[in-house]
Every structure is written in structure tokens, then in C-alpha cells.
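Down below is the structure, laid out as C-alpha cells.
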Amino acid sequence: MVMETWLMASGVVVMTMIILDGKRKKKRHRAPGEDSPQRAGAVHDHESVPASTPDQARHAPVADAAFENRQNGSHLGAATQIHGDITADERVSIKGRVVGTVTARHQSIQLASSSVVNASLEGADIVVAGHLEGDINASEGLTLMSGAKVRGTISTSSFACHAGASVNGSVLPGQGGSVVFPEQKPAE
């Protein structure tokens with residue numbers, strides 16, 4: 001009888017913990033002021049990823065999850081192809097194909113690992129994780145994620161290049177610019 005009571009009490013405690021954990025996860029993934037929860041695992045913004053210095057915070061790594069469920073900005077899905085010019089006064093996230101130009105002068109432009117872009121980019125803060133053939137003009141900074149492949153001329157005031165990215169072209173730092181090489185982890 002004691003064993004059965006102990007097992008029932010343990011079961012109640014475990015179920016309570018599971019329910020509370022689910023509520024905690026649901027609450028954590030809900031944006032401030034938002035009534036409906038976002039998809040679990042979504043990263044809200046690459047600026048919110050903690051880093052050790054302000055410069056690293058701006059160029060912290062962005063997983064493809066950061067391209068999911070954005071509440072603000074323009075989003076081009078993986079199955080979308082655009083031939084022409086894109087001009088936006090909001091954040092632009094691209095997962096598909098673009099041929100032409102992408103201009104978001106005072107906003108961020110993000111190219112997911114699935115993106116294939118043959119265009120010139122002009123934006124404030126640009127993050128590339130996919131393939132880009134064209135010139136880049138990033139007024140605030142450029143981050144090349146691991147796996148990014150870029151061919152063209154890069155002009156930026158701050159440049160971060162993660163291990164595994166490749167550049168075939170020229171890098172022209174702007175005035176007062178800095179080049180950041182993230183710490184590499186030793187091979188195991």
C-alpha cells in the first residue's frame with residue numbers, strides 16, 4: 001500500500017512538472033504584447049543573442065530559425081523567385097532566389113542558407129548565410145555566416161566572417177571600420 005501511494009504521488013509530481021514546463025516554454029516564445037505564441041525554437045532577432053562585446057552582439061551568429069516567424073519586415077520564402085528590383089523601408093529576409101537589386105538603406109537584410117541571390121545589396125546591417133553574387137554596401141556592418149558564399153565587392157564599416165564562409169572579390173572597409181574574426185574553436 002505504501003509503494004502504491006508513493007508511485008501515485010510521484011506520478012502527480014511528474015505530471016505537474018511537465019505541465020508547468022509547457023506553460024513556461026509557451027510563455028517564453030511569446031513576444032511582448034503578442035496574444036498568440038510563436039513557433040517553438042524561433043529566434044526573435046539576431047541583436048538579442050548575447051555576446052561578450054557590443055561589436056560581437058551586433059554580429060552574433062544567426063541560425064536559420066531567425067528567418068522563421070518574423071513579425072516585422074518583408075519575407076521571401078524558399079519557393080519564391082523574384083527577377084527585378086526590391087526596395088524596402090523595413091527588414092528584408094530572403095530564403096529563395098532573387099535576381100536584380102535589394103535596397104533597404106536603413107534596415108537589415110538577411111539571406112538564409114537556402115537563398116541564392118544574384119543581386120546587389122544595400123542595407124544597414126546585412127547577414128549572409130546563403131549564396132550571393134553581387135556587390136554589397138552595408139552601412140553598419142556585414143556578417144558572413146558559416147557556409148556563406150559571396151562573389152563581388154563588399155563595402156562596409158564593420159565586417160565579421162565566420163569559419164566556413166568564402167569570399168571571391170574585394171573587401172573595402174568604410175571609414176572607421178573594423179574587421180572582426182570570431183574566435184575559432186579547435187578541431188576535435
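If Lys and Arg each add +1 and Asp and Glu each add -1, what is the summed charge of the other residues whose beta carbon sits under 14 Å from the beta carbon of I154?
Details: positive: K149, R151; negative: E122, D125, E133, D135, E140.
Residues close to I154 contribute a combined charge of -3.
Taking amide H positions as modeled 1.01 Å from N, with prolines and chain starts lacking one, the residues under 5 Å from T143 and 5 or more places away or on another chain are I126, V127, V128, A160.
You can think of it this way: the chain between T5 and I82 has 21.3 nm of extra reach, that is 0.36 nm per residue less the Cα-Cα gap. When each of the peptides 78-87, 153-162 is scored by the mean number of other C-beta atoms lying within 10 Å of its residues, the order from highest to lowest reads 153-162, 78-87.
Summing charges over neighbours of V99, with a neighbour being any other residue whose Cβ is under 13 Å away from its Cβ, gives -1 when K and R count +1 and D and E count -1. Each label point was placed 7 Å from the Cα along the Cα-to-Cβ direction; for I19 and V99 their separation is 5.8 nm.
Among 134-146, 11-23, the peptide with the highest mean count of other Cβ atoms within 10 Å heads the list, and the full ranking is 134-146, 11-23. Phi angles of the range 107-121 translate, via the Karplus equation with coefficients 6.51, -1.76, 1.60 and θ = phi - 60°, into HN-Hα couplings of 10, 8, 10, 10, 10, 6, 5, 7, 6, 10, 10, 10, 7, 8, 10 Hz per residue; Gly and Pro are given as x. Computed over protein heavy atoms with a 1.4 Å probe, the accessible surface of the range 79-174 works out to 41 Å² per residue.
The values are calculated or read from the model by the stated rules, or taken from the named source; none is laboratory data. In this text the structure is predicted, and so the values were computed from the model without any measurement. Note: ideal-geometry Cβ built from the backbone for every residue, glycine included; neighbour counts use all protein chains shown. Just so you know, the surface numbers come from the protein's heavy atoms only, side chains and all, with ligands and any DNA or RNA stripped out. Shrake-Rupley method; radii C 1.70, N 1.55, O 1.52, S 1.80 Å.
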